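Structure, as structure tokens:
The values are calculated or read from the model by the stated rules, or taken from the named source; none is laboratory data. All values derive from a computational prediction rather than experimental measurement. All Cβ positions, glycine included, derive from the backbone under ideal geometry; neighbour counts span all protein chains shown. When the accessible area is computed, the model is the full protein with side chains, heavy atoms only, and any ligands, DNA or RNA have been set aside. Shrake-Rupley method; radii C 1.70, N 1.55, O 1.52, S 1.80 Å.
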Amino acid sequence: MKTSVLAIAALMTLTAVPAVLAGDRPGAHFIENWDLNSDGEVTADEARERRGNVFASFDANDDGYLDAEEYELFDEARAQDMAENEPAGMGRGARNPANGMRLEVNDNDRDGKVSQAEFLDNAPDWIAMIDRNGDGVVSLADFGPGRK
């Protein structure tokens, strides 16, 4: 049941994206996956909600933690997704959204695993890290070469 509900939610998120975001623009894939209300911007609240879905997808044993083994699968899935969906040369900078998903970034208590609370509570800091123009949301304006 958990898997089918998440699959439906993911499908709905991907099909609700405005056509203007499609293509090889830097950040388009991020916006497609994280902008839950399709307004072209990702807020901390949207990120928190979506991170909940991501966490549930990778917490294979439903214990409320992503352990090292589950995180390895998560890392592999993210790397494959980036390879398949990011324009060549994109997604390698310090503000790369993938950096804010790493175990060492989310393991606030340094116990070697990430609790659901840790993962969700890091959403605002993650959005702030990606938000290059400081407007409090992440949009296509926050991606691409030369962005600070």
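Things worth noting here:
- Residue in the range 108-117 that is hydroxyl-bearing (Ser, Thr, Tyr) and either at pLDDT below 85 or farther than 14 Å from HIS29 by Cβ (or both) present: yes
- Residues satisfying the stated conditions in the range 52-92, i.e. crowded, with 18+ Cβ neighbours inside 10 Å and aliphatic (A, V, I, L, M): VAL54, LEU66, MET90
- Considering the range 30-51, and only residues there that are surrounded by 14 or more Cβ atoms within 10 Å (Cβ to Cβ) and farther than 18 Å from ALA128 by Cα, the residue that is modelled with the lowest pLDDT turns out to be GLU32.
- Answer residue from the range 108-133, given it is open to solvent by less than 60 Å² (accessible area, probe 1.4 Å) and part of a loop (DSSP other than H, G, I, E, B) and is nearest to ASP35 (Cα to Cα) among those: ASP131
- Figure legend. Inter-residue proximity from the range 68-79: first residues without any contact (Cβ under 8 Å) to a residue 24 or more places away in the chain, second residues open to solvent by 40 Å² or more (accessible area, probe 1.4 Å) and not in a helix (DSSP H, G or I), beta-carbon distance below 7 Å, spacing 6+ or different chains. Indicated pairs: GLU70/ALA60.
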